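A quick write-up on the structure given underneath.
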Amino acid sequence: MEKPPRLLLSRLWLQNRVYDVTLNSVVFAWKETEPNKKRPPGSSWNTCKAAGSHSVPVCEIIAVQETAEEVQKKNAGKWHRVPRSPEESYQPPAFTVFYVDRSRQHRWRCRSVTFHCPDWGLCQQWIQTIEEQLFLLTYRPKRLLVYINPFGGKQQGKRIYDQKVAPIFSRASISTDVIVTERANHARDHLKTDADLKKYDGVVCVGGDGMFSEIVHGLISRTQCDSGVDQNCPEETLVPCDIRIGIIPAGSTDCICYATVGANDPVTSALHIIVGDSQPIDVCSVHHNNTFLRYSVSLLGYGFYGDLLIDSERKRWMGPTRYDISGAKTFLSHHYYEGTVSFLPVTDNVGSPRDKFRCRSGCHVCQHSGHLPLEEKQICEQEEEEGEDSVSEIGHKDVWRVIRGKFLAINAVSMSCACPRSPKGLSPAAHLSDGTTDLILVHKCSRVNFLRHLLRHTNKKDQFDHSFVEVHRVRRFRFMPKHQEVDSEVDSEPDLRERGKGLFGQICRDHPACDCAPAHSTWSCDGETLPHTAIQVSAHRQLIKLFARGIEEQPVFEDSTGVCSA
Ligand SMILES: CCCCCCCCCCCCC/C=C/[C@@H](O)[C@H](COP(=O)(O)O)NC(=O)CCCCCCCCCCCCCCC
Ligand SMILES: Nc1ncnc2c1ncn2[C@@H]1O[C@H](COP(=O)(O)OP(=O)(O)O)[C@@H](O)[C@H]1O
Ligand SMILES: [Ca+2]
């Protein structure tokens, strides 16, 4: 490929060594010259041959600044001997370039490198030319609206933002309006009606998956409202949101951040926002008949994860540990739930949930997955009883499959849900933006088998390779609990819930050794409970966009000799 024309080439000093420094529209690079001895005062700037080299893509430069003399002296003090004369202490004009440096485990760090120039004019020329190149990156955000949940995770949201994120935003000349939320749904309601979104290039959420869910609900509802789309209609094609969302992880699970960036690290996320990344994300809409309930981006779970969530909400004061305690308790209670799952399997997709390859930055499956209209075509239903072979070859493209059974867990994930607890996630091969969700059915099995299945979320073994687990990639699905099947017209779930909550229901839930099954569980939708158990779910391809790029393939490590951390 042809190289872009060079914009600047100069011989400059970096930590008393001479470098050939170049800039074109794509790369900023510096190459050490040789022999590169310490520069004696008054020596020529033109020495030497090439040696060690470094380069930074222009799109990963965060900022450039003229370096104040005091800063230079301070930096120089780290390695300089004390100057003997005033001439020797003279610091030539210098500029500092701040850029993204890849570290271990998909973490990004802000690094800086300072070059000394022979004269002030050249220094200014470098600063101006780099700034001009950054100005051309129009996809970078300039104004952001930030919501901080001060009570998410370990209640560190405000501190994380003030200490780790705000300084790099300001270095990148990003202006912000910050709202520290005062109540649950504060951010959602503000986005839905009050926020002047035209003023901003992005919305940033400091908190966990629950807080992100608030932002998503605010933005999607606002967009549908502005476009006259009725969210209550399950068949509607929803209008995608234009504005990108950034997540600064400060929650308990942080799976949306982890699964889209590869780390739950505030600085990494801030840098992805600054460089203006964009990653489309699938969203599932959840309805009960013709009533819209919620959107789901991560885990929509019934049975194990639903029960776990209900129990964990009472332990919110424990912070993120609540999920482990409630997880163990729910595991011991070992409840299963009867019901019918119907789903529309994906037939025209390139990927499958059993694939060995993963959704990564620039994923071809996400790019090439077609967008089928959501309208239900001719519905052919084939019932499958548990334990029998499931066959669905009816020779029709859109065949609904029906599975009636006893389930320990029903999970739908439209992304992998990778998180620190499970770095590969609930469905390791799920895709961020292919318009599908992976439906995982864990049938009733022994505690030992269920534990084996759970443990496989934390190691390299395939968690779907069990006779009691099945996984399907779907565009839509429905669930009907058994107690409502008799009369599906009955819409009196609150009464039924009361029954489950009665004296015996409570004892059974709280008594780990008790094997009697409660009538129904509760759906957990990205960490919030749903008020209904009979639901219809539709995946909407690429409905929202994040300041992320998907998980990058193996990061490239470079020797950063001569480069200091910002
Ligand atoms: C034996 C060890 C088994 C480890 C199994 C780990 C599976 C972890 C999968 C996690 C998927 C997370 C999906 C994300 C959901 C979030 O949207 C949502 C909201 O997050 P937020 O509070 O940050 O706002 N979070 C959740 O619903 C919480 C999920 C909690 C997962 C913790 C699971 C721990 C299970 C422990 C089982 C222990 C068995 C012990 C046997 C003696
Ligand atoms: N100021 C606030 N006071 C109480 N709850 C809040 C506030 N701001 C947001 N929330 C709610 O807190 C819940 C948990 O937030 P989240 O940031 O996801 O933390 P965690 O990951 O610990 O659950 C979300 O449901 C959100 O709606
Ligand atoms: Ca998906």
Next on the checklist: Criterion first (open to solvent by 20 Å² or more (accessible area, probe 1.4 Å), more than 16 Å from ligand 3 (Cβ to nearest atom) and touching a strand residue (DSSP E or B) at 6+ places or on another chain (Cβ under 6 Å)) does SER278 satisfy it?
Outcome noted: yes
Item to check | Residues that are more than 13 Å from ligand 3 (Cβ to nearest atom), within 14 Å of the chain's Cα centre (by Cα) and of a type outside the set (D, E, K, R), drawn from segment 419-440 | outcome: CYS419, PRO420, PRO423
Checklist entry - Just to be sure, is THR260 within 14 Å of ligand 1 (Cβ to nearest atom), buried (at least 21 other Cβ atoms within 10 Å of the Cβ), not in a strand (DSSP E or B) and not assigned by TED's automatic domain parsing to the domain that holds SER103? => result yes
Checklist entry - Is it true that HIS217 is within 16 Å of ligand 2 (Cβ to nearest atom) and in contact (Cβ under 8 Å) with a residue 60 or more places away in the chain? => result yes
Checklist entry - When both residues are 6+ apart or on different chains and their Cβ atoms are under 8 Å apart, which pairs have a first residue that lies in segment 408-421 and is β-branched (Val, Ile, Thr), and a second that is modelled with pLDDT of 95 or more and open to solvent by 10 Å² or more (accessible area, probe 1.4 Å)? => result VAL413/LEU299; VAL413/LEU426
Checklist entry - So GLY152 fits all but one of (1) at pLDDT below 95; (2) out of contact with any helix residue (DSSP H, G or I) (no Cβ under 7 Å at 6 or more places or on another chain); (3) within 21 Å of ALA270 (Cβ to Cβ); what number is the exception? => result (2)
Item to check | Selection status of HIS466, away from ligand 1 (no atom under 16 Å from the Cβ) and either assigned by TED's automatic domain parsing to the domain that holds GLN231 or at pLDDT 95 or above (or both) | outcome: no
Next on the checklist: Kindly evaluate ARG452 against the criterion of being within 10 Å of ligand 1 (Cβ to nearest atom) and either farther than 21 Å from THR330 by Cα or modelled with pLDDT of 95 or more (or both).
Outcome noted: yes
Checklist outcome for this item: Here the residues within segment 178-187 that are open to solvent by 60 Å² or more (accessible area, probe 1.4 Å), away from ligand 1 (no atom under 14 Å from the Cβ) and over 14 Å from GLY246 (Cβ atoms) are GLU182, ARG183
Item to check | Meets criteria (of a type outside the set (D, E, K, R), more than 20 Å from PRO345 (Cβ to Cβ) and touching a strand residue (DSSP E or B) at 6+ places or on another chain (Cβ under 7 Å)) for THR458 | outcome: yes
Checklist entry - Are any residues in segment 418-427 open to solvent by less than 10 Å² (accessible area, probe 1.4 Å) and either of a type in the set (D, E, K, R) or under 13 Å from PRO353 (Cα atoms) (or both), and if so, which ones? => result GLY425, SER427
Checklist entry - Taking the condition more than 21 Å from the chain's Cα centre (by Cα), surrounded by 22 or more Cβ atoms within 10 Å (Cβ to Cβ), touching a residue at least 40 places away in the same chain (Cβ under 8 Å) and outside any helix (DSSP H, G or I), does TYR295 pass? => result no
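Residues checked against (1) in contact (Cβ under 8 Å) with a residue 24 or more places away in the chain; (2) open to solvent by 60 Å² or more (accessible area, probe 1.4 Å); (3) small (Gly, Ala, Ser):
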{"site": "ILE310", "(1), (2), (3)": "yes, no, no"}
{"site": "ARG314", "(1), (2), (3)": "no, yes, no"}
{"site": "SER326", "(1), (2), (3)": "no, no, yes"}
{"site": "VAL346", "(1), (2), (3)": "yes, no, no"}
Checklist entry - Looking at VAL165, is it part of a helix (DSSP H, G or I), open to solvent by less than 30 Å² (accessible area, probe 1.4 Å), at pLDDT 95 or above and assigned by TED's automatic domain parsing to the domain that holds HIS186? => result yes
Item to check | Any chance ARG140 is surrounded by 17 or more Cβ atoms within 10 Å (Cβ to Cβ) and of a type in the set (Lys, Arg) | outcome: yes
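Any residue in segment 243-251 that is on the phi < 0 side of the Ramachandran plot, assigned to a loop (DSSP other than H, G, I, E, B) and buried (at least 24 other Cβ atoms within 10 Å of the Cβ)?
yes
Collect the residues in segment 188-214 that are in contact with a Ser or Thr (Cβ under 7 Å, 6 or more places away or on another chain), assigned to a helix (DSSP H, G or I) and buried (at least 21 other Cβ atoms within 10 Å of the Cβ), keeping them in residue-number order.
Restricting attention to segment 188-214, the residues satisfying the condition of being in contact with a Ser or Thr (Cβ under 7 Å, 6 or more places away or on another chain) are 192, 208-209.
Still in the running and assigned to a helix (DSSP H, G or I): 192, 209.
Passing the criteria: only ASP209.
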Checklist entry - Considering segment 428-449 alone, what residues qualify as being within 14 Å of ligand 1 (Cβ to nearest atom) and farther than 18 Å from LYS356 by Cβ? => result THR437, VAL442, SER446, ARG447, VAL448, ASN449
Checklist entry - Would you say GLN382 is modelled with pLDDT of 60 or more, open to solvent by 30 Å² or more (accessible area, probe 1.4 Å) and not acidic (Asp, Glu)? => result no
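The values are calculated or read from the model by the stated rules, or taken from the named source; none is laboratory data. Computed from a prediction, not measured in an experiment: that's the story for all the values here. When we count neighbours, we look across all protein chains shown, and the Cβ atoms used for this are built from the backbone with ideal geometry, even at glycine. Note: accessible area is taken over every heavy atom of the protein model, side chains too, but ligands, DNA and RNA are not part of it. Shrake-Rupley method; radii C 1.70, N 1.55, O 1.52, S 1.80 Å.
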